[in-house]
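Since the structure comes first, as structure tokens, the remarks are kept for the end.
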Amino acid sequence: MAILPLIYSPDPLLKKISEPVAEVNDEIRQLLDDMVETMHDRQGIGLAAVQVGVLKRILVMDLGYGSKRYAEAGGEGESNPIHMVNPEIVASSDEENIYEEGCLSFPGQFAEVIRPKMVTIEYLDYDGNKQRVDCDELLSTCVQHEIDHLNGITFVDHLSRVKRNMILKKLEKQFKHNM
Ligand code: GNR
Ligand code: NI
């Protein structure tokens with residue numbers, strides 16, 4: 001297990017489309033394990049492989065662990081990681097939902113994003129078995145945010161140009177100050 005370094009906006013990798021995985025083998029499982037460890041370390045609720053510089057269609061999520069509830073308890077939450085390889089949205093609701101999103105690749109930045117309220121996802125699990133799951137609430141928001149990453153899209157791409165530029169400027173300033 002290893003904690004992997006994250007990439008941050010405006011790294012051009014964040015705009016690249018990730019490649020499908022041919023087979024869920026031990027090498028892929030190693031990456032899935034390292035991504036979960038990295039996500040837990042950064043107290044995220046999701047992580048796409050591209051965020052650790054790997055252009056493969058892989059994401060992990062753990063809604064409980066990164067939540068405020070667990071942070072307040074000292075981050076000693078139960079771990080219930082979800083691993084998805086080659087995830088695909090096979091259905092999405094007409095009804096929409098607004099959620100204030102953040103992203104580990106845009107530290108300290110948050111904005112409200114509108115997305116379909118519910119989605120159905122097909123993916124390969126940790127053992128390479130095909131799964132289908134209906135997502136609502138935070139799981140729906142998170143899985144859509146992560147699948148966006150696999151397609152080179154980040155949450156700021158859902159905002160108006162003005163809001164997007166404001167976040168990109170703030171981020172640039174923040175990184176300058178931390179150098
Ligand atoms: O940790 C994360 N929190 C979050 C909050 C609202 C909507 C989406 C997310 S995902 C984010 C981790 C991340 O950047 N995943 O790509
Ligand atoms: Ni993100």
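The values are calculated or read from the model by the stated rules, or taken from the named source; none is laboratory data. Since this is a predicted model, take the numbers as computed values, not measurements. Here the Cβ positions follow ideal geometry from the backbone for every residue, glycine too, while neighbour counts run over all protein chains shown. Keep in mind that these areas ignore ligands, DNA and RNA; they rest on the heavy atoms of the full protein, side chains included. Shrake-Rupley method; radii C 1.70, N 1.55, O 1.52, S 1.80 Å.
A few points about this structure:
- Ranking Tyr65, Tyr126, Val113 by Cα position along the charge dipole of the chain, where only Lys, Arg, Asp and Glu carry charges on their C-beta atoms, puts Val113 farthest toward the positive end.
- Exposed loop sites here are GluC sites (Glu not before Pro) assigned a DSSP state other than H, G, I, E or B and surrounded by at most 13 other beta carbons within 10 Å; excluding them, the longest clear run of the chain is 96-179.
- Taken one residue at a time, the phi angles of the stretch 91-102 give Karplus couplings (6.51, -1.76, 1.60, θ = phi - 60°) of 7, 9, 6, 6, 5, 10, 8, 10, 9, 7, 9, x Hz. Gly and Pro are set to x.
- Reported value for the chain: 121 Å³ per residue, from the convex hull of its C-alpha atoms.
- With a simple spin-label model that places each label point 7 Å from the Cα along the Cα-to-Cβ direction, the separation between Leu63 and Asp94 comes to 2.5 nm.
- The heavy atoms of Met166 present about 110 square angstrom of accessible area, all protein chains included, probe 1.4 Å.
- Over 19 Å between alpha carbons, listed pairs Lys16/Lys130; Lys16/Lys56; Lys15/Lys176: Lys16/Lys130; Lys15/Lys176
- Magnitude of the charge dipole for the chain, about its Cα centre and with charges confined to Cβ atoms of Lys, Arg (+1) and Asp, Glu (-1), is about 1040 debye.
- The apolar share of the surface of the chain, taken as the fraction of accessible area on carbon and sulfur atoms (1.4 Å probe, ligands and nucleic acids excluded), comes to 49 percent.
- Sites Ile3 and Glu137 - FRET efficiency at Förster radius 22 Å, r taken between beta-carbons, to 0.05: 0.20
- Counting only heavy atoms of the protein chains and using a 1.4 Å probe, Ile45 has close to 50 Å² of accessible surface.
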